[in-house]
Amino acid sequence: ATVTYDFNVTWVTANPDGDFDRPVIGINGKWPIPQITANVGDNVVVNVQNLLGNESTSLHFHGLYMNGTAHMDGPEQVSQCAIPPGSSFTYNFTIDQPGTYWYHSHTHGQYPDGLRGPLIIHDPDSPFLGQYDEELVLTLSDWYHDLMTDLLPGFISKGNPTGAEPVPQNALFNETQNLKVKVEPGKTYLFRMINMGAFASQYVWFEGHNMTIVEVDGVYTQPAEAEMIYLSAAQRCSFLLTTRNETTANYAFVGSMDTTLFDVLPDDLNYNVTGWLVYDDGKPLPHPAFVDDLDGNTFDDMTLVPWDNQTLLGEPDKTVELNVIMDNLGDGANYAFFNNITYRAPKVPTLYTALSTGKLATNPAVYGGYTNTFVLEKGQIVQLIVNNLDTGRHPFHLHGRNFQAVYRSAEDAGTFEDSNVTEADFPSVPMRRDTFVLYPSGNVVLRFRADNPGIWLFHCHIEWHVASGLIATFVESPLDLQNTLTIPKDHYEVCVAGNVPTVGN
Ligand code: C2O
């Protein structure tokens with residue numbers, strides 16, 4: 001089937017934390033923005049009309065492979081030009097993967113202003129069908145009272161030499177602080193949990209109930225019991241929750257922002273958000289108990305096993321090693337680097353360069369050194385090693401696929417080389433996901449097969465670090481792209497229409 005969405009993107013006013021009215025980016029006059037829902041195999045068409053007036057935009061469908069439609073992936077100056085105010089643009093792609101995803105603006109620093117929503121793909125062949133009565137979507141996010149266009153210039157400035165990220169005022173569940181989830185006794189619910197935040201990871205737990213994890217980032221898992229789940233920006237986790245057999249009380253559930261990410265803890269910071277499983281409207285909504293050892297109760301995501309038991313890919317054909325560094329460029333402002341490069345967007349989208357440079361498209365130099373491009377050949381097994389020479393946690397996301405999350409060192413372990421880990425230490429059946437957390441001064445190893453021609457970004461999903469340049473570009477099988485992709489006219493027209501410059505670009 002074809003599922004069509006017509007999205008008019010406009011500014012609206014919202015006050016999700018009850019503290020402060022502010023402009024947010026809505027769709028069709030509403031915020032929170034609508035969920036995109038489809039079935040495996042559907043063709044999805046999203047017609048976007050940018051009516052913001054003062055900002056360009058674009059949409060990325062986070063976690064979708066976009067196999068055969070790399071030009072629909074969404075990041076500005078990568079797979080398209082951003083859509084200027086007054087212009088329209090159509091995304092059109094087929095979805096052949098089940099699970100829990102989200103969509104968000106992929107124009108400089110914009111999604112925390114509200115352009116972020118769930119994208120759910122139902123699966124008639126899910127191994128868990130029949131094990132739950134109902135499904136629910138639970139989004140986590142962090143909330144800023146200020147617009148990104150007001151926060152970004154100060155963030156990247158010589159007044160902020162350490163690169164301290166602005167701290168959100170509040171955490172939200174389903175973009176509100178007052179979430180009541182009506183439940184019935186003795187039923188099992190599938191919760192599809194998505195962290196759509198700009199910055200904060202959250203710990204999530206339900207008082208009086210356990211969670212059974214069955215999917216992360218669109219990949220079914222062997223069922224795993226959890227008391228508390230840590231979910232970084234952009235990660236998803238679905239779990240089954242069975243309600244109690246009586247309706248004598250209501251129960252709180254909590255999202256708690258990981259405050260170790262924050263350089264300062266401002267007075268107005270509310271790092272917890274509470275929601276309630278409501279069994280009986282007439283009964284009180286309890287205040288949650290304080291939990292002090294969050295990490296001690298948290299489920300270890302490295303113990304997850306994919307449902308399909310897909311084994312570790314063989315020895316890599318190509319290894320890419322990236323060192324994360326935070327430093328300045330002599331102007332006093334703080335930037336983020338992979339190796340010695342802080343990403344800057346090219347004038348021409350990288351995809352269009354790949355399509356128009358003939359055989360040269362396999363030479364990373366044609367994309368500009370500042371795009372931090374690595375060219376991959378069809379079928380290669382690629383190993384990506386990321387060493388954190390910084391003291392922050394970074395949730396890394398790769399576009400266009402999931403990857404095997406092969407290894408993660410403990411905090412302060414140093415580089416992968418220092419860890420003295422070999423092939424024999426890797427799990428035989430690693431979990432696959434599309435967003436993976438790297439610990440402070442530690443390292444991670446990811447592995448994937450280059451089986452999806454396209455231009456795929458790899459970046460930290462903390463939106464501040466996207467702005468400060470923590471991005472690399474994978475150009476995969478560019479000669480194949482030249483033979484297979486046809487770019488629709490509206491995609492080129494938005495380039496000609498000319499973009500409104502966005503902050504920091
Ligand atoms: Cu959620 Cu570059 O993406």
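Where a number appears in this text, it was derived from the coordinates with a stated rule and is not lab data. All figures in this text were calculated on a predicted structure; none of them were measured in a lab. With ideal geometry, Cβ positions are generated from the backbone for all residues, glycine too; neighbour counts draw on all protein chains shown.
Numbers for the structure displayed
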{"quantity": "Highest-first arrangement of 320-330, 430-440, where packing means the average Cβ count within 10 Å", "calculated": "430-440, 320-330"}
{"quantity": "The chain - share of DSSP beta bridges that are antiparallel (%, nearest 5)", "calculated": "70 percent"}
{"quantity": "Cα-based convex hull, region 127-198, per residue volume (Å³, whole number)", "calculated": "124 Å³"}
{"quantity": "Cross-link reach list, lysines versus K378, counting only Cα pairs under 23 Å and skipping chain neighbours closer than eight places", "calculated": "K318, K359"}
{"quantity": "Calculated FRET value between N15 and Y370, using beta carbons and R₀ = 51 Å, to 0.05", "calculated": "0.80"}
{"quantity": "Whole-number percent relative contact order across the chain, with pairs defined as alpha carbons under 8 Å at least 6 apart", "calculated": "16 percent"}
{"quantity": "Summed residue charge, Cβ within 12 Å of S105's Cβ, Lys/Arg positive, Asp/Glu negative", "calculated": "-3"}
{"quantity": "Under 5 Å, built H, 5+ apart or other chain: amide partners of G469", "calculated": "A336"}
{"quantity": "Scaled radius of gyration (Cα, divided by 2.2 N^0.38 Å) that region 1-63 gives", "calculated": "1.30"}
{"quantity": "C-alpha center-to-center spacing [region 314-360, region 430-485] in angstrom", "calculated": "11 Å"}
{"quantity": "Efficiency of FRET from Cβ geometry, L389 and Y492, R₀ 56 Å, rounded to 0.05", "calculated": "0.90"}
{"quantity": "Structure-based [θ]222 nm, the chain - -39500 (n - 2.57) summed over DSSP H runs of at least 4, per residue, nearest 500", "calculated": "-2000 deg cm²/dmol"}
{"quantity": "Charge sum, other residues only, whose C-beta stays under 14 Å from I487's C-beta, Lys/Arg counted +1 and Asp/Glu -1", "calculated": "-2"}
{"quantity": "Fewest-first ranking of D133, D300, using other Cβ atoms within 10 Å as the exposure measure", "calculated": "D300, D133"}
{"quantity": "Histogram of C-alpha separations across the chain, 10 Å bin width, %", "calculated": "4, 19, 32, 29, 13, 3, 0, 0"}
{"quantity": "Two-site label geometry, N92 and E184: point separation in nm, points 7 Å out along Cα→Cβ", "calculated": "4.2 nm"}
{"quantity": "Label-point separation, E321 to D125 (7 Å along Cα→Cβ), nm", "calculated": "4.1 nm"}
{"quantity": "Rough spin-label spacing in nm, given labels placed 7 Å along Cα→Cβ, for N270 and Q482", "calculated": "5.6 nm"}
{"quantity": "Rounded FRET efficiency, nearest 0.05, which uses the C-beta distance separating E377 from D425 and R0 of 41 Å", "calculated": "0.90"}
{"quantity": "Karplus-derived 3J(HN,Hα), 6.51/-1.76/1.60, for each residue of region 334-343, Hz, glycine and proline x", "calculated": "9, 10, 10, 10, 9, 6, 9, 10, 9, 5"}
{"quantity": "Mean Cβ neighbour count within 10 Å, used as a protection proxy, ranking 87-93, 210-216 highest first", "calculated": "210-216, 87-93"}
{"quantity": "Fewest-first ranking of R236, R449, using other Cβ atoms within 10 Å as the exposure measure", "calculated": "R449, R236"}
{"quantity": "Charge context of H399, other residues only, Cβ under 12 angstrom, K/R +1, D/E -1", "calculated": "-2"}
{"quantity": "Cα-only radius of gyration and Dmax that characterise region 134-303, units Å", "calculated": "17.1, 58"}
